[in-house]
Amino acid sequence: MLELTPKEIMENRHITINPCKTCEPVGAMFCALGVENCMPHSHGSQGCCSYHRTVLSRHFKEPAMATSSSFTEGASVFGGRSNLTTAVKNIFDIYDPDIIAIHTTCLSETIGDDVGNYIMDLEVSDDKTVLYASTPSYEGSHIQGFSNMMIGIMKYMTQKAAVKSNRAAIFPGWVNPGDDRELKRIAGVMGVDYIYFPDHEGILETPMTGKYKYFPKGAGTSAADIKALGTAKKLIAMGHITSSEPAEFLDKQYKVPFSLIPMPIGVKLTDKYVMALREISHQEVPQTLEDERGRLVDLMLDSHTYTYNKTAAIYGDPDIVYSFTSLCIEMGMIPKYVITGTPKEEFTRQVSALLKEHGIDTGKCVIKADTDLFYLHQLIKNEPVDILIGSSYGKQIAKAENIPIIRMGFPVLDRYGNTIQPTVGYAGAIRYVEKITCALMDKVDAEAKDEDFDVVM
Amino acid sequence: MNERDLLLEKYSSRVFKNRKSHITQLEMSDEQDTITANTRAIPGIATARGCCYAGCKGVVVGPMKDAVTITHGPIGCAFYSWGTRRNKAKTEEGGKNFIPYSFCTDMRPTDIVFGGEKKLEEGIDEIMAIFNPKCIFICSTCPIGLIGDDVQAVAREVEKKYGIKAIGFSCEGYKGVSQSSGHHIANNGLMKQVIGTGDKKPMGKYSLNILGEYNIGGDGWEEERILKKIGYEIVSVFTGDGSYETMKNAHLADLNLVMCHRSINYVAQMMKTKYGIDWLKVNFIGIGATCKTLRMIAEYFQDTELIAKTEEVIAQELEAISDDMEYYRSMLKGKTAGIFTGGSRSHHYQSLLRDLGIETIIAGYEFAHRDDYEGRDIISEIKPDADSKNIEEIAVSRDEELYKERYSGEKLEELKEKGIEIDTYDGMFPDMKKGYMVVDDYNMFETDELIQTMKPDIFFSGIKDKYSIQKQGVVSRQLHSYDYSGPYAGFNGAVIFGRDVTMSIYTKAWVLTTPPWKTAALLGGRIGGEN
């Protein structure tokens, strides 16, 4: 596997080999799927829509609804207005969503299609909404596309509010439905009344009933809630890179102050979430939640002998990689390589600061944004690690170098059950501490000589 | 009202007008069945189709293992087409296998504004330094044609600079109406620049190319196993586990076998014109189909020894699988199926399903042309439209040096009379029965409606449909990527397919869908008179 990858690293490479990111539109599509009765629409060639639906279905093992403007050569020359107008009519006729959330592609952006203008000219009934976000594939990554769609939705739907309500707003960032459920549960336990946006709980994890609905009833952030986001007294936004622009937008346009915290993975970062909620509800943390935390810390202490000073390569999307770096540090591990494909230099600064905060010598680690898995593999070939933590694509490196891999983030294409369970919160960390420890211990078992093979640990 | 009318009735008049000619319920009128295909999908209808790039890079050129295929454009297309099709490839002794890799120029705003050719060239220099491949393919994504990057010119420069083979494919996503245009563009490139450039003659008595076999789940390997057992030499496979090194010599084979007619028929036809190689439309999906295919190939060569050997191998193979097939047939007999795939499998799999006692009552294609449904005889009736005219048709002529007539025209006619299907394909319609539904460019809505009205027991489609079908309580298996299973071709593949379908129909979880409290009354409360 990957035997053509040499050890020698070529600096400042122009060609991307084995990417660690994908394009903006899929993020926009994913974001829009977290809105109730909303059809994501891809304004470009059919292939974009097909590829995005495919990768989302493969990650969630769920249908991912979306439509396309089906550009042909003609539309690419003369503009996509007529395709979009037809598409909107057909989508309302056939699939009957309340909202159509359009995102652009590299094609419609390159030809300069003015989608904002096109949709102003559409005849849409009062109970329906057509909105759009610009997501040129040649900028940022899927993470940026997710943020842009959040802003797009708010721009078209959120109303100015003179009076604040008693509700808070929560932006979870790019997480799985299992995380949505856990984040909402914690907010509920903490006595916070909230608007949660976007919300994939019950959408990309619909229960098996024998009936299929294009838009699961009562799931996703409702239009009413999106409209009311401006009334929120406070916003908790998670993931510095995914959620900062949407949070700043809500603050600037609707005067909703925010706390921007990392994705709550592991003890300390979940503590931050709990503390932010506590500040809103002015309610003490209930014993049940404290017990959850206590069980997590207990588990970390129990298992530390197998994780202490073990080195990890953590790769994937910037916010989840940052937070997993924190979890690994709590487990006594050394985050040796911390990599994202997303071109955001803040990532490097943030992770370096995190390492320094914990007294880890950053000189011995590589922290890099805007890079690829080919580079990560080369680093590992020079100095190996004990475990890989990231998306399914790392499994090639894992096989090539005989290193255990723990799947997290996006996309996990080759395993079931991950997305309906939490990664965030104390519960998510318990799950991942178990996974990481088991993987390391399985390797010890697999490689132990008979005389060293222990039943007790 | 028949199921077709019930479905179409739900559409607005605008959509109805377009879709009615794409949906045919067979033999329901006195007129000859026909269908509209290879025309634009309606925007917003949730078509299953992909794009030209997907057809060129994803389907045809991507599986060639010793070539570095560079996606020239922003990152997405390279990411989505990386290891997602299950076109398997083995590394040859001392050879290079680039299948696990994804290469992309990862264009940024400045590249879009100022052009991406320089970045592409720099990227190729790096690829040469790191990997030193013998062949490079450059596949264009949507922005490339719009900003005017000339990938062909870059490829020509690369050939000069490094003395390797380099081909630029202008397969921008918006070209044509589906993946089909990308197949055509890929076929043209391979025909113009690869096929016929080698001189390694086959050693065996009879040699074959397998065209349109992408080795999904290892299908091609099972086909090769059987063919080699009979004694054929396989010169090249287009393109699953295929290579630039072997494709160069494809013109020296005795006969072309065509599996996926849609994606590769251009090459088959052009090789016939240029080199005189006849082609047989074969089908290795299904026991009956495989036997028929093997017999046709042997008959084509008119060699009694070969025919006898073929019968011997068929007998051995059937013997080895008969118990398993009998068991799966007993489990599956009488079931009905729907199949929605790209452009060939909805036909191929009907044979295998029939072997297992399953009738295919719904079949549809994403990107087929009329001839894939109705047979090649109607090709002259197909009128080119604005979209198909944009895809280059290359004219090839007889290569005076390399052209070799295999049989005289008279002899060919004689062989055809005997049932050897040379240079022809009758399409899917003839293998389907009255009342069965055929859908071109199917979409999400039609899939769901037809499941409700025609109630198939199992529906084969791709990942985009799989879960919505399953959630309706209908078994769904992926026929694009085989749900991480396969091979399904040939004799051994048929057993694996039987096992997989049986598994999915009989898996225990289906009966758990309804919880007990939905069917049992809740007894409780107070009986009258009690305090």
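The values are calculated or read from the model by the stated rules, or taken from the named source; none is laboratory data. This one's a predicted model, so the numbers in the text were calculated from it and none came from an experiment. Cβ placement follows ideal geometry from the backbone for every residue including glycine, while neighbour counts extend to all protein chains displayed. All accessible areas refer to the heavy atoms of the entire protein, side chains included, with ligands and DNA or RNA removed. Shrake-Rupley method; radii C 1.70, N 1.55, O 1.52, S 1.80 Å.
Computed values, structure above
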quantity: The stretch A:24-157, accessible area per residue, ligands and nucleic acids excluded (1.4 Å, Å²); calculated: 26 Å²
quantity: Out-of-range pairs (alpha-carbon distance over 32 Å; input B:192/B:433; A:364/B:65; B:201/B:411); calculated: B:192/B:433; A:364/B:65
quantity: Accessible-area composition of the protein assembly as shown, carbon plus sulfur, in percent [1.4 Å probe]; calculated: 50 percent
quantity: Between A and B, accessible area buried - total, square angstrom, nearest 100, 1.4 angstrom probe; calculated: 6700 Å²
quantity: Rel. contact order, % - alpha carbon contacts under 8 angstrom, at least six apart, the stretch A:288-451; calculated: 23 percent
quantity: Nearest-ten-degree value, helix A:373-382 long axis tilted from longest Cα axis of chain A; calculated: 10 degrees
quantity: Formal net charge of residues neighbouring residue A:20 (Cβ-Cβ distance under 12 Å; K, R +1; D, E -1); calculated: -2
quantity: Probe 1.4 Å, accessible area per residue of the stretch A:288-451, Å²; calculated: 39 Å²
quantity: Proximal aspartates and glutamates to residue A:449, defined as alpha-carbon separation beneath 20 angstrom and excluding residues fewer than eight positions away on the same chain; calculated: A:386
quantity: Average Cα contact separation per residue, chain A, under 8 Å, 6 or more apart, as relative contact order %; calculated: 18 percent
quantity: Cα-based helix-to-principal-axis angle, A:142-157 vs chain A, degrees rounded to 10; calculated: 40 degrees
quantity: Rounded to 10°, Cα long-axis angle of helix A:345-357 versus longest principal axis of chain A; calculated: 40 degrees
quantity: Integer Hz, Karplus 6.51/-1.76/1.60 couplings in order for the stretch A:161-172, x for Gly and Pro; calculated: 10, 7, 10, 7, 9, 8, 8, 9, 10, 10, 9, x
quantity: The stretch A:163-318, relative contact order in percent, only Cα pairs under 8 angstrom and at least six apart counted; calculated: 25 percent
quantity: Exposure rule at most 16 other beta-carbon atoms within 10 Å, DSSP loop GluC sites (Glu not before Pro): chain A longest free segment; calculated: A:285-457
quantity: Accessible area in the full protein assembly, largest first, 1.4 Å probe, for B:229, A:268, A:449; calculated: A:449, A:268, B:229
quantity: Proximal charge balance of residue B:314 [Cβ under 12 Å; K/R count +1, D/E count -1]; calculated: 0
quantity: Net +/- balance of residues flanking residue A:184 in space, Cβ distance below 12 Å, scoring K and R +1, D and E -1; calculated: -4
quantity: Probe 1.4 Å, all protein chains present, accessible-area order of A:91, B:379, largest first; calculated: B:379, A:91
